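Notes for the one structure printed next.
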Amino acid sequence: MDRRAFLMSGAALTAAAATPAFARGPVGPQAQAAALYDSIMEQMLRDSPETATTFGLDTGARAALKSKLDDRSPGKRLLQLQALADARPALKKIDRKALTGRAASDFDTVAWLADMTAEVAQYPFGGVDATSDQAPYLISQMTGAYQAVPDFLNSMHTVETREDAEAYLARLDGFARALDQETASARADGAAGAIPPGFILSKTLTQLAALRGQSGESSGLVTSLAGRAKAKGLAGDWSARAAKIVDGPLAAALDRQIALLNSWQATATHEAGVARLPRGEAYYAMCLRFQTSTGLTPAEAHKLGLSQVAEIVAEADALLKQQGLTQGSVGARLTALGQDPKYLYPNTDDGRAALLADLNVQVDGMRKRLPELFAHLPKAAVEVRRVPPAIELGAPRGYSQSSSVDGSRPGAYYINLVDTAVWPKWALPTLTYHESLPGHHLQGALALEAEGTPLLHKTLAFNAYAEGWGLYAEQLALEAGMYDGYEVGKLGYLQSMLYRAARIVLDTGLHAMGWSREKAVAYMMETVGLAAGAAESEIDRYCVIPGQACGYKIGQLEIVRLREQAKAKLGARFDLKGFHDAVLLGGAMPLDVLGRVVADWTAARMKAA
């Protein structure tokens, strides 16, 4: 769920994209590749004005993009990734054998994602959502313009000038068109047999109704513009003009989308997995490859998840016994521990404020330890924020939003506080380390701030790499002693690991093994100890973004494997900070490409010694 802002002038961006790094020389095939990357990036921005704004690339010659939203019509299902699919013929013309080092990994990264995107395009339903995940349902509790655009306009669309405010109004008007485009695409999907399960429709309709219920000048879409325009001293009837759009074309478009989803409810299935969709088994196998960047089959992944669950359960059992919890399954004991009032925050505004304050203390504590682990640290700060209440029902439990490339705009660590009872105090440090430092914020900010990395590669996302790093960051915090003296906090760490291992079992169970939603929720509660509401929210997430839940543990296991392999080869010459540089400074990439990068780094260290 990594949403990065990239704020540089057009001239500076051009220079950054052209600057060589990691021995990328502007000659021959490397020059061809560099030019192609720039071309792909430009098409991405044309295809997705929202991406341009997200990365701060809607200025100068691209200023017109700031008034537009992405085209969500039936032929535009791949959104910003269409450019990669279109680039496949040009990629095949580049002599891959002539590329070495980072130039080779850069190429392999783009080629891999281009091929995967083309594979997604072969299915006559779904597409790519705003976070570049493949999704079988264009409209769900986690996907769709209704879910993405309000947050985008509020958090990504800057309002500094009258032109910015006018562009906001143009986009607000365009929001209605985007909804209608998406409704038309979803209607075609429904005709092809790709209708979300009934329980997903119910949750989605609840969120759509919440947005539709906001009207007039009190609507969040209106107050976001009016408040920021007032703060900048921009005179004008911004509130009235925005309210006219919200109550007119936007309300009508929402009504049409709600009507479509309501029309599906009577016949919608309760079957959770995507195997029931056209070519469903092949579709899920593709999703698993897309999200893990490995060749694991669903059966192999399921077996891996079960083995990891068994291993972590044994560790958690020993720690629970140290806490005096000896009766029942590990999941049941974790549930009991999570319900202990001494570990809970009141489910009130004051309780939420106290929780957020404690998270800030945890972030600060980890920040002080970073120089021991990393040679390069991000310039950008990270802020702790609550998930906006308007979208918290369907939003993940926690996610990050990355900073700008120059560090001037802070990153954000969002936590879902729809119910504080799902967050016992002992579980919070691990989430903090995953989403902020040394997790997603550090990883994302370093990638954006790294000199010489192609601009395209600063923007690409790979689930197993990013989420694998987030989980590795949790382990790194444990290894750094962040839980020393706080034994119950180690249970939070183990529950997180257990939770991610169980995700592999659950995702493959739902989509390849015929598991029902109820079986999956029960397994999550019994195995991991999540509260019922949190377990249900998680399972529903896996239903609409197949394979994504598998990337975390699979990615972490691969990063650890590569680290231990490098340690074994280098012995005393192994440098943890150097290893982290090798993993982080080139940007996100598929796991098999990461393996080659680490192997090159290891070989260079051996040669230097």
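The values are calculated or read from the model by the stated rules, or taken from the named source; none is laboratory data. Treat the numbers as computed from the prediction; the structure is a model and nothing was measured. Cβ atoms come from the backbone with ideal geometry, glycine included; neighbour counts cover every protein chain shown.
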Task: Residue list for segment 346-379, restricted to those being over 18 Å from Ala447 (Cα atoms), out of contact with any Pro (no Cβ under 9 Å at 6 or more places or on another chain) and not in a helix (DSSP H, G or I) - done: Pro346, Asn347, Thr348, Lys368
Task: Residue, nearest to His457 (Cα to Cα), within segment 578-600, restricted to residues that are over 23 Å from the mean Cα position of the chain (by Cα) and free of Cβ contacts under 8 Å to residues at least 40 places away in the same chain - done: Val598
Task: Residues being among the β-branched types (Val, Ile, Thr) and either buried (at least 19 other Cβ atoms within 10 Å of the Cβ) or on the phi > 0 side of the Ramachandran plot (or both) - total across segment 276-297 - done: 2
Open item on the list: Suppose we keep only residues that are touching a Gly at 6+ places or on another chain (Cβ under 8 Å) and in a helix (DSSP H, G or I) within segment 259-275. Which one would you say is surrounded by the fewest Cβ atoms within 10 Å (Cβ to Cβ)?
Closed with: Gln265
Task: Qualifying residues in segment 46-64 (those that are crowded, with 19+ Cβ neighbours inside 10 Å and without any contact (Cβ under 8 Å) to a residue 24 or more places away in the chain) - the one farthest from Leu78 (Cα to Cα) - done: Asp58
- [ ] Determine the pairs where a residue that is of a type in the set (Val, Ile, Thr), located within segment 173-192, has a partner that is assigned to a helix (DSSP H, G or I) with Cβ atoms under 7 Å apart, the partner being 6 or more residues away or on another chain.
- [x] Thr183/Arg256; Thr183/Gln257; Thr183/Leu260
Open item on the list: Take the conditions at pLDDT 95 or above, surrounded by fewer than 19 Cβ atoms within 10 Å (Cβ to Cβ), part of a helix (DSSP H, G or I) and basic (Lys, Arg) and apply them to Arg177. Does it pass?
Closed with: yes
TODO: Tally the residues that are farther than 27 Å from Ala192 by Cβ and part of a helix (DSSP H, G or I), restricting the search to segment 276-300.
DONE: 2
- [ ] Would you check if Glu383 is within 26 Å of Pro590 (Cβ to Cβ), touching a Phe, Trp or Tyr at 6+ places or on another chain (Cβ under 8 Å) and not hydrophobic (A, V, I, L, M, F, W, C)?
- [x] no
Task: Which listed residue, of Gly587, Gly571, Gly533, is on the phi > 0 side of the Ramachandran plot, at pLDDT below 95 and out of contact with any strand residue (DSSP E or B) (no Cβ under 9 Å at 6 or more places or on another chain) - done: Gly587
- [ ] Within segment 236-255, work out how many residues are surrounded by 12 or more Cβ atoms within 10 Å (Cβ to Cβ), charged (D, E, K, R) and either touching a residue at least 40 places away in the same chain (Cβ under 8 Å) or out of contact with any helix residue (DSSP H, G or I) (no Cβ under 7 Å at 6 or more places or on another chain) (or both).
- [x] 3
Task: Close pairs from segment 311-323: first farther than 22 Å from Val505 by Cβ, partner of a type in the set (Val, Ile, Thr), Cβ under 7 Å, at least 6 apart - done: Gln323/Val488
TODO: Look through Glu163, Glu217 and report the one residue that is closer than 23 Å to Leu57 by Cβ, in a helix (DSSP H, G or I) and modelled with pLDDT of 95 or more.
DONE: Glu163
- [ ] Name the single residue, out of those in segment 75-112 being of a type in the set (Lys, Arg) and not in a loop (DSSP other than H, G, I, E, B), that is nearest to Leu585 (Cα to Cα).
- [x] Arg102
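Residue-by-condition table, conditions (1) in contact with a Pro (Cβ under 9 Å, 6 or more places away or on another chain); (2) in a helix (DSSP H, G or I); (3) free of Cβ contacts under 8 Å to residues at least 40 places away in the same chain:
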| residue | (1), (2), (3) |
| --- | --- |
| Ile195 | no, no, no |
| Thr204 | yes, yes, no |
| Leu234 | no, no, no |
| Gln257 | no, yes, no |
TODO: Give the residues of segment 521-532 that are in contact with a helix residue (DSSP H, G or I) (Cβ under 6 Å, 6 or more places away or on another chain), part of a helix (DSSP H, G or I) and closer than 26 Å to Gln475 by Cβ, sorted by residue number.
DONE: Met524, Met525, Glu526, Thr527, Val528
Task: Verdict on Ser140 being at pLDDT 95 or above, among the small types (Gly, Ala, Ser) and not in a helix (DSSP H, G or I) - done: yes
TODO: Hey, could you check segment 455-486 for residues that are acidic (Asp, Glu) and assigned to a helix (DSSP H, G or I) and say which is surrounded by the fewest Cβ atoms within 10 Å (Cβ to Cβ)?
DONE: Glu479
- [ ] Given the conditions (1) within 24 Å of Leu576 (Cβ to Cβ); (2) modelled with pLDDT under 85, report the number of the one that Ala390 does not fulfil.
- [x] (1)
Task: Residue list for segment 220-232, restricted to those being in a helix (DSSP H, G or I) and either surrounded by 16 or more Cβ atoms within 10 Å (Cβ to Cβ) or in contact (Cβ under 8 Å) with a residue 12 or more places away in the chain (or both) - done: Gly220, Leu221, Val222, Thr223, Ser224, Leu225, Ala226, Arg228, Ala229
